[in-house]
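Visitor: I have a structure I would like to understand better, so I am pasting it below and will then ask my questions one at a time.
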Amino acid sequence: MAGKTKLYYFDGRGKMESIRWLLAAAGVEFEEEFLETREQYEKLLQGGSLLFQQVPMVEIDGMKMVQTRAILSYIAAKYNLYGKDLMERALIDMYVGGTDDLMGFILIFPFLSAEDKEKQHAVIVQKATSRYFPAYEKVLKDHGQDFLVGNSFSWADVHLLEAILMVEEKKSDVLLGFPQLQAFKARISSIPTIKKFLEPGSQRKPVPDDKYVETVRRVLHMYHDKKAN
Amino acid sequence: MSGKPRLTYCNGRGRMEPVRWLLAAAGVEFEEIFLETREQYEKLIKDGVLMFQQVPLVEIDGMKMVQTRAILSYIAGKYNLYGKDLKERALIDMYVEGITDLMQMILMFPFSPPEAKEKNLDSIKERATNRYFPVFEKVLKQHGQDFLVGNKFSWADVQLIEAILAVEEKIPAVLSGFPQLQVI
């Protein structure tokens, strides 16, 4: 029955970007409806499409799914990017939890004042280089395989690549001292579906700018006074 | 090889409490190590046991698991509290994530400065009664079943009861207006 998968969000990264990455990695085509006005959002609310009154929302397989993690888990499982058994799924969940925490520091960045941006920049780099990157560097070094889990391409690999690229946008040489991650980045980037997503013209969204911030604040009536971590 | 699951955390609810609830709901006995000193924590880090230098840590089935959601998903999967197929799992995940957002507000509450506490309490009440509880009230009313998903006890039910009780501790009359939830 399924029509195309359809994403409802702003025309920007935010919490929807990881979903775009995973669908792209799985080679799944999707449509997008971009929220630009408060009225659009209220229409979605009134229509009862948003279970907890929030976006992201993804129409997939007859469901109107909300909650980013739930959506990602569903896509990962459906397209065989979630490991072969419960234990591999546990590892993937752990690793994705870490990259999610790291990307969380970057998610709020555009909404901060100039002064707080400076502080947050330092936090992002510090967490990446002293907490998260070393953990994944070690995983790859210990098993010597191409992928994080089960010697097979999974959601964890997609999520880590996304995180690496986002941190590199803040500090381009951040992978110095992480040879495994450098090789990992090159390997995963060259997977055909990922390579395509990284090319211009794909549905990947650019680094958030002031217009994006202004749109989110206008549509949601929120995020006017975020503080650095 | 596996003995009982072993939980390492502070002696309190925090992020470990949903794990305790889920293990208990599944009838699984577990041990706990309580972190009381900085030295204990630093030893764990030095031993390389905490993947991201954080607790909760749950040693289960030979794994040293961190990341609360990963731990909970594993337990739910292992003890058949995760629905019968992908779509039921999707529903459970959606419900659990929503409840977790509400619980996060309660989690942070003790750490808020005294002058912010009343405002935060109002936020918790507002979110519970306007955003989260109505959803589950409606789910239960619409299908008329005893459990949230698939007519079977699942992780979603455990998480919801934990959240209801936690909110009631702050706002005793919060369930008035939610007859379905009262029956839970």
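Visitor: Taking the criterion of being modelled with pLDDT of 95 or more, within 16 Å of the chain's Cα centre (by Cα), more than 14 Å from chain A (Cβ to nearest Cβ) and not in a loop (DSSP other than H, G, I, E, B), would at least one residue in the stretch B:24-36 satisfy it?
Guide: Checking the stretch B:24-36: at least one residue is modelled with pLDDT of 95 or more, within 16 Å of the chain's Cα centre (by Cα), more than 14 Å from chain A (Cβ to nearest Cβ) and not in a loop (DSSP other than H, G, I, E, B).
Visitor: When residues of the stretch B:56-67 are filtered for being crowded, with 21+ Cβ neighbours inside 10 Å and more than 7 Å from every other protein chain (Cβ to nearest Cβ), how many remain?
Guide: Number satisfying all stated conditions: 4.
Visitor: Return the pair list, or none, for Cβ contacts closer than 8 Å from residues in the stretch A:8-33 that are touching a residue at least 24 places away in the same chain (Cβ under 8 Å) to residues that are surrounded by fewer than 19 Cβ atoms within 10 Å (Cβ to Cβ) and of a type in the set (Gly, Ala, Ser), at least 6 apart or on different chains.
Guide: Filtered contacts from the stretch A:8-33: A:8/A:49; A:24/A:202.
Visitor: Can you find a residue that is closer than 18 Å to residue A:139 by Cβ and within 11 Å of chain A (Cβ to nearest Cβ) anywhere in the stretch B:77-85?
Guide: no
Visitor: Out of curiosity, is residue A:59 in contact (Cβ under 8 Å) with a residue 60 or more places away in the chain and within 13 Å of chain B (Cβ to nearest Cβ)?
Guide: On the way: in contact (Cβ under 8 Å) with a residue 60 or more places away in the chain: no; within 13 Å of chain B (Cβ to nearest Cβ): yes.
So residue A:59 fails the test.
Visitor: Check off (1) touching a strand residue (DSSP E or B) at 6+ places or on another chain (Cβ under 7 Å); (2) outside any helix (DSSP H, G or I); (3) in contact (Cβ under 8 Å) with a residue 24 or more places away in the chain for residue B:88 and give me the number that stays unchecked.
Guide: Every condition holds for residue B:88 apart from (2).
Visitor: Please work out if residue A:163 is over 19 Å from the mean Cα position of the chain (by Cα) and either under 15 Å from residue A:109 (Cβ atoms) or surrounded by 12 or more Cβ atoms within 10 Å (Cβ to Cβ) (or both).
Guide: Taking the combined requirement at face value, the residue does not satisfy it.
Visitor: I'd like to know if the stretch B:40-50 contains one or more residues that are charged (D, E, K, R) and assigned by the TED database to the domain that holds residue B:150.
Guide: no
Visitor: Ok, one more. When only residues in the stretch A:62-80 that are assigned to a strand (DSSP E or B) and within 9 Å of another protein chain (Cβ to nearest Cβ) count, which is farthest from the chain's Cα centre (by Cα)?
Guide: Within the stretch A:62-80, the first condition is being assigned to a strand (DSSP E or B), and the residues that meet it are A:63-66.
Among the residues that remain, those that are also within 9 Å of another protein chain (Cβ to nearest Cβ) are: A:63, A:65-66.
On the way: A:63: 21, A:65: 16, A:66: 15 Å.
The selected residue is A:63.
Visitor: Give the residue, chosen from B:46, B:84, that is closer than 30 Å to residue A:128 by Cβ and loosely packed, with under 14 Cβ neighbours inside 10 Å.
Guide: Result: B:46 is the single residue among B:46, B:84 that is closer than 30 Å to residue A:128 by Cβ and loosely packed, with under 14 Cβ neighbours inside 10 Å.
Visitor: If a residue has to be touching a helix residue (DSSP H, G or I) at 6+ places or on another chain (Cβ under 6 Å) and either within 19 Å of residue B:83 (Cβ to Cβ) or part of a helix (DSSP H, G or I) (or both) to count, how many in the stretch A:24-50 make the cut?
Guide: 4
Visitor: For the structure I just gave you, tell me whether residue A:90 is more than 9 Å from chain B (Cβ to nearest Cβ) and farther than 20 Å from residue A:180 by Cβ.
Guide: Judged against the criteria, residue A:90 is not a match.
Visitor: Further question on the same structure: The conditions are (1) more than 24 Å from residue B:74 (Cα to Cα); (2) touching a strand residue (DSSP E or B) at 6+ places or on another chain (Cβ under 8 Å), and residue B:142 fails exactly one of them. Which is it?
Guide: Going through (1) more than 24 Å from residue B:74 (Cα to Cα); (2) touching a strand residue (DSSP E or B) at 6+ places or on another chain (Cβ under 8 Å) one by one, residue B:142 breaks only (2).
Visitor: Does residue A:63 count as out of contact with any Asp or Glu (no Cβ under 6 Å at 6 or more places or on another chain), under 15 Å from residue A:205 (Cα atoms) and aliphatic (A, V, I, L, M)?
Guide: So residue A:63 does not fit the description; no.
Visitor: Considering the stretch A:197-211 alone, what residues qualify as being touching a Gly at 6+ places or on another chain (Cβ under 8 Å) and either aliphatic (A, V, I, L, M) or under 20 Å from residue A:42 (Cβ atoms) (or both)?
Guide: Listed by number, the list is empty, since nothing qualifies.
Visitor: Still on this structure, please answer the following. For the stretch A:1-54, how many residues meet the condition of being hydrophobic (A, V, I, L, M, F, W, C), closer than 17 Å to residue A:220 by Cβ and buried (at least 17 other Cβ atoms within 10 Å of the Cβ)?
Guide: 8
Visitor: Those residues that are of a type in the set (Ser, Thr, Tyr) and within 17 Å of residue A:158 (Cβ to Cβ), I need them from the stretch A:94-119; list them, please.
Guide: Correct list: A:95, A:99.
Visitor: Identify, please: which residue in the stretch A:136-160 is surrounded by fewer than 18 Cβ atoms within 10 Å (Cβ to Cβ) and part of a helix (DSSP H, G or I) and is, among those, nearest to the other protein chains (Cβ to nearest Cβ)?
Guide: Filtering the stretch A:136-160 for residues that are surrounded by fewer than 18 Cβ atoms within 10 Å (Cβ to Cβ) and part of a helix (DSSP H, G or I), the one nearest to the other protein chains (Cβ to nearest Cβ) comes out as A:138.
Visitor: Follow-up question, since we're still on this one. Using the structure shown, decide if residue A:123 is in contact (Cβ under 8 Å) with a residue 60 or more places away in the chain, within 11 Å of chain B (Cβ to nearest Cβ) and either surrounded by fewer than 16 Cβ atoms within 10 Å (Cβ to Cβ) or assigned to a helix (DSSP H, G or I) (or both). Before the answer, list the steps.
Guide: Values: in contact (Cβ under 8 Å) with a residue 60 or more places away in the chain: yes; within 11 Å of chain B (Cβ to nearest Cβ): no; either surrounded by fewer than 16 Cβ atoms within 10 Å (Cβ to Cβ) or assigned to a helix (DSSP H, G or I) (or both): yes.
So residue A:123 fails the test.
Visitor: Checking residue A:128 against (1) surrounded by 19 or more Cβ atoms within 10 Å (Cβ to Cβ); (2) more than 17 Å from the chain's Cα centre (by Cα); (3) of a type outside the set (S, T, N, Q); (4) more than 9 Å from every other protein chain (Cβ to nearest Cβ), only one condition comes out false. Which one?
Guide: Condition not satisfied by residue A:128: (2).
The values are calculated or read from the model by the stated rules, or taken from the named source; none is laboratory data. The structure displayed is predicted, hence computed values, not measured ones. Note that we place each Cβ from the backbone using ideal geometry, even for glycine, and neighbour counts take in every protein chain shown.
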